[in-house]
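In what follows, a single structure is set out as structure tokens and then discussed.
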Amino acid sequence: MAGFLASGLISAAAVLAEAGLPYDTAGELAAAGVSIERLADHPVIAGWRTAIAACGLKPSTYKGSVEQLVRRTLKSGPVRTPLPLVDMYCDVAARHLAPLGAYDVGLLPVPDIALRLADPSVDEFHPLGAARDGEMPLTPAVAVYACGSTVICWAYNCRDSQDTCLASDTDVGLFLGEAVTEGQHGPLRAAFADLRERLAGAGATVGETQVASAVAPSFTA
């Protein structure tokens, strides 16, 4: 897992909205041989499918964020939302096949975030988007990002919470990403470099990227 803090996001979002997305991500993916038909077999995507299956979930039903974003980008172009920051980090994630999440620091209920297995006796999760509470089960096998008992992202990176996601008035954000296979480390590093460059280029103040691993399992952003 890796992450960093960035501030000045309200003004940076305005710059990003004016500039638009700088790359033809769909074209880059296609040129690299990434296709919808064979996406599930791509080593990076296959690694996430294996991780999701280990959570006791069906990977074809609960797709990781990378698979969701790449499928959407190849089919209909980049994600378009009312939030330029969301559009940008989703484009970065799809471009590098690396999962990224972003959270409003002001909405986090406690300062500490853990990547851990869910505790169905205390954890709560309110999914972002059309899914209803309970449609994404909190079982002891599901890996989640948890801030106290609030799940901010479910099944590694499948779905963020509506309680802590970026909003139009977010000025300080926490950006996170993770890798579960050796082959995912390079894409994640490239995604963080791209993300940091775009945020800094838009005028945000970007903190240092910190990394947690099995050897050093925690960091302070």
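Cβ-Cβ contacts under 8 Å between residues 6 or more apart (or on different chains), taken from a first residue in region 137-153 that is over 19 Å from residue 109 (Cα atoms) and hydroxyl-bearing (Ser, Thr, Tyr) to a second residue that is modelled with pLDDT of 95 or more and part of a loop (DSSP other than H, G, I, E, B), are listed as 139/55; 139/56; 139/118; 139/120.
As a summary of the residue check, residue 184 satisfies the conditions (1) part of a loop (DSSP other than H, G, I, E, B); (2) in contact (Cβ under 8 Å) with a residue 60 or more places away in the chain except for the one numbered (1). Taking the criterion of being of a type in the set (Val, Ile, Thr) and surrounded by 15 or more Cβ atoms within 10 Å (Cβ to Cβ), the residues of region 170-187 that qualify are 170, 172, 180. Are any of the residues in region 129-143 within 13 Å of the chain's Cα centre (by Cα) and not charged (D, E, K, R)? No, region 129-143 contains no residue that is within 13 Å of the chain's Cα centre (by Cα) and not charged (D, E, K, R). Among the residues here, residue 8 does not qualify as over 16 Å from residue 184 (Cβ atoms) and free of Cβ contacts under 8 Å to residues at least 24 places away in the same chain. Here the condition is being touching an Asp or Glu at 6+ places or on another chain (Cβ under 9 Å) and either among the hydrophobic types (A, V, I, L, M, F, W, C) or not in a helix (DSSP H, G or I) (or both); of 52, 45, it holds for 45 alone. With respect to the conditions (1) out of contact with any Gly (no Cβ under 6 Å at 6 or more places or on another chain); (2) under 19 Å from residue 192 (Cβ atoms), residue 102 lacks only one, and its number is (1).
Under the condition of being within 16 Å of the chain's Cα centre (by Cα) and either among the charged types (D, E, K, R) or in a loop (DSSP other than H, G, I, E, B) (or both), the residues counted in region 199-211 number 1. Residues being closer than 25 Å to residue 186 by Cβ and within 13 Å of the chain's Cα centre (by Cα) are represented in region 56-64 by at least one member.
Looking across 85, 21, 69, one residue alone is among the hydrophobic types (A, V, I, L, M, F, W, C) and part of a loop (DSSP other than H, G, I, E, B). It is 21. With respect to (1) buried (at least 21 other Cβ atoms within 10 Å of the Cβ); (2) of a type in the set (A, V, I, L, M, F, W, C); (3) part of a helix (DSSP H, G or I), the lone exception for residue 40 is condition (1).
For region 100-127, residues that are among the aliphatic types (A, V, I, L, M), part of a loop (DSSP other than H, G, I, E, B) and either surrounded by fewer than 20 Cβ atoms within 10 Å (Cβ to Cβ) or out of contact with any strand residue (DSSP E or B) (no Cβ under 7 Å at 6 or more places or on another chain) (or both) total 3. Can you spot a residue in region 144-151 that is β-branched (Val, Ile, Thr), closer than 30 Å to residue 41 by Cα and touching a Ser or Thr at 6+ places or on another chain (Cβ under 9 Å)? Yes, the conditions are met somewhere in region 144-151.
Residues of region 169-189 that are of a type in the set (D, E, K, R) and in contact with a Leu (Cβ under 6 Å, 6 or more places away or on another chain): 171 alone. The residues of region 72-89 that are farther than 18 Å from residue 130 by Cα and in contact with a helix residue (DSSP H, G or I) (Cβ under 7 Å, 6 or more places away or on another chain), listed by number, are 73, 74, 77, 78, 84, 85, 88, 89.
The values are calculated or read from the model by the stated rules, or taken from the named source; none is laboratory data. The model shown is predicted, which means the values in this text are computed figures rather than measured ones. Heads up, the Cβs are rebuilt from the backbone with ideal geometry, glycines too, and the neighbour counts pull from every protein chain shown.
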